[in-house]
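Notes follow the structure.
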Amino acid sequence: MILICDDDTTVRTSLTLVLKRAGYEVATAANQQEAIDFVRHTCPQLILMDMNYSNTTTGEEGLKLLAKVRVFCPAVPVILITAWGSINLAVQGIRAGAFDFITKPWNNLALLKTIETAIQLRDSEEKNPDPKNGKTERTDRFDKIIGRSPLLQQVLNTISRISQTNAPVLITGESGTGKELIAEAIHENSNRQGKPFVKVNLGGISQSLFESEMFGHKQGAFTDARHDRTGRFELADKGTIFLDEIGELDLVCQVKLLRVLQDQTFEPLGESKPRQVDTRIICATNKNLPEMVAQGTFREDLFYRINLITIQMPALRERPEDIPLLVEYFARKQAEQNNLPEAEISQEAFGYLKKLPFHGNIRELKNLVERTILISGKDVITDIDFKQQYIEVPASQPAGGNTILSLEMVERNMIQKAVELYGCNHSRIAAALGLSRQTLYRRLEKYDIKLPE
């Protein structure tokens, strides 16, 4: 049963009609007291709750009611109802424990999808309340994810619980920790398996191209629009869209993205008729989004919209027990790809690799293993071979000892070190860094690094 709590008769009637058509039982409350009286003796599956119950628009009544409802039914998901111009109120509600929010006028399909996700997550938590107790058996397949460390197993347990839902997921962690693989694993273990999995690197899309890239355009919508273009959201219909580097998105584009996440509708450039889309949202970033919210560079409402479920990827140095498994996997793949005999890795080599900081994480380890195998040409790879190919990332040495280099500084230092080692040999520099020559040229230009003549 779903409880609708709203003082507007029209809203209650409309929501009741939509929910009953979808097969839900419905109860209604016209004010705060009726809602409290209901939850005192019955905990519904979900509550749809308005934020205001008088002439005021502060939302304080809704926040107080939310707090009281959670006392009686702490596990019941609450979806707040608010106007688009009052999203800040909804954000306060989410901080106070609400599951999500919808805005008036709402989109019926988006609303039903949000309700379905909330109920699925609640049911999942009830079936698997404590995955750490070892009693939950996973039947999911994670063929591409290598490792047995407890930190990685926690991540896989989370994927097992949330894959079958439509909940938006935010994957955080340092560069190179495998965020894209986790996004793929969520998709492959979901009901959307076999449907499109569309990857978008938001860091590589300029503000001027954002709408055309994400929502598509009609022929003649702007200069050089000679043909219709299908946007990424439409390509991901019925499937999953993976928005990588979402922390790079500027504020103007954040607003445009928020609207499509809110209603699951969009308008291609040059077209005035909204199109409906059914896609699951998975985002990833190596940035500190809460800090960006505090600084005003990332919208708080968008942050709460995308991080219903957050998965923190551990750094490689936090799970050194997985390094031998990863090294053997990369060595085996290298042999298969280049039709070479598989190289053996000595125990001394494993010991050496476990002690490295790996600021580039799994991506850095992969590049080091492949580079060492190809350049050494040996059947047995030792720690000496790895030492000869390892490019150390210079660590900062501040007076206080606590400052961390930015990722751009780390990248610049690594490129500079490779240039010092290989001079003007573009191919060797690119191979050492795991970059294509074209990407290397862009990085050299970006950091104004000149090769020796």
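Does region 220-227 contain any residue that is aliphatic (A, V, I, L, M) and at pLDDT below 90? So far as region 220-227 goes, yes, one or more of its residues are aliphatic (A, V, I, L, M) and at pLDDT below 90. All of ASP263, ASP250, ASP301, ASP322 fail the test of being under 22 Å from LEU112 (Cα atoms) and over 16 Å from the mean Cα position of the chain (by Cα), apart from ASP263.
Can you report the number of residues in region 310-327 which are touching a Leu at 6+ places or on another chain (Cβ under 7 Å) and either in a loop (DSSP other than H, G, I, E, B) or open to solvent by 10 Å² or more (accessible area, probe 1.4 Å) (or both)? Qualifying residue count for the region: 4. I'm trying to understand the selection: among the residues of region 177-206, which are out of contact with any Ser or Thr (no Cβ under 8 Å at 6 or more places or on another chain), open to solvent by less than 20 Å² (accessible area, probe 1.4 Å), β-branched (Val, Ile, Thr) and not in a strand (DSSP E or B)? Within region 177-206, THR177, ILE182 qualify. Annotation note: of ASP263, ASP278, ASP244, the sole residue that is touching a Ser or Thr at 6+ places or on another chain (Cβ under 9 Å), at pLDDT 90 or above and open to solvent by 10 Å² or more (accessible area, probe 1.4 Å) is ASP244. Scanning region 228-250 for residues that are over 14 Å from GLU271 (Cβ atoms) and not in a strand (DSSP E or B) yields ARG232, LEU235, ALA236, ASP237, LYS238, GLY239, GLU245, ILE246, GLY247, GLU248, LEU249, ASP250.
Of the residues making up region 82-115, those that are surrounded by 15 or more Cβ atoms within 10 Å (Cβ to Cβ) and charged (D, E, K, R) are ASP100, LYS113. State yes or no: is ILE79 assigned to a strand (DSSP E or B), closer than 20 Å to TYR304 by Cα, at pLDDT 95 or above and open to solvent by less than 70 Å² (accessible area, probe 1.4 Å)? No; evaluated as a whole, the condition is false for this residue. Only one entry in LYS378, LYS366 is outside any loop (DSSP other than H, G, I, E, B), touching a residue at least 12 places away in the same chain (Cβ under 8 Å) and open to solvent by 30 Å² or more (accessible area, probe 1.4 Å), namely LYS366.
Each row is one residue, and each column tells you yes or no for (1) surrounded by fewer than 20 Cβ atoms within 10 Å (Cβ to Cβ); (2) hydrophobic (A, V, I, L, M, F, W, C); (3) touching a Cys at 6+ places or on another chain (Cβ under 9 Å); (4) closer than 23 Å to ASP123 by Cβ.
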| site | (1), (2), (3), (4) |
| --- | --- |
| ALA27 | yes, yes, no, yes |
| ALA30 | yes, yes, yes, no |
| ILE36 | yes, yes, no, no |
| VAL39 | no, yes, yes, yes |
| THR42 | yes, no, yes, yes |
| GLN45 | yes, no, no, yes |
| LEU48 | no, yes, yes, yes |
| GLY59 | no, no, no, no |
| LYS64 | yes, no, no, no |
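The values are calculated or read from the model by the stated rules, or taken from the named source; none is laboratory data. Note that the structure is a prediction, hence the values are computed from the model and not measured. Cβ coordinates were reconstructed from backbone atoms using ideal geometry, including for glycine residues, and neighbour counts include every protein chain displayed. Keep in mind that these areas ignore ligands, DNA and RNA; they rest on the heavy atoms of the full protein, side chains included. Shrake-Rupley method; radii C 1.70, N 1.55, O 1.52, S 1.80 Å.
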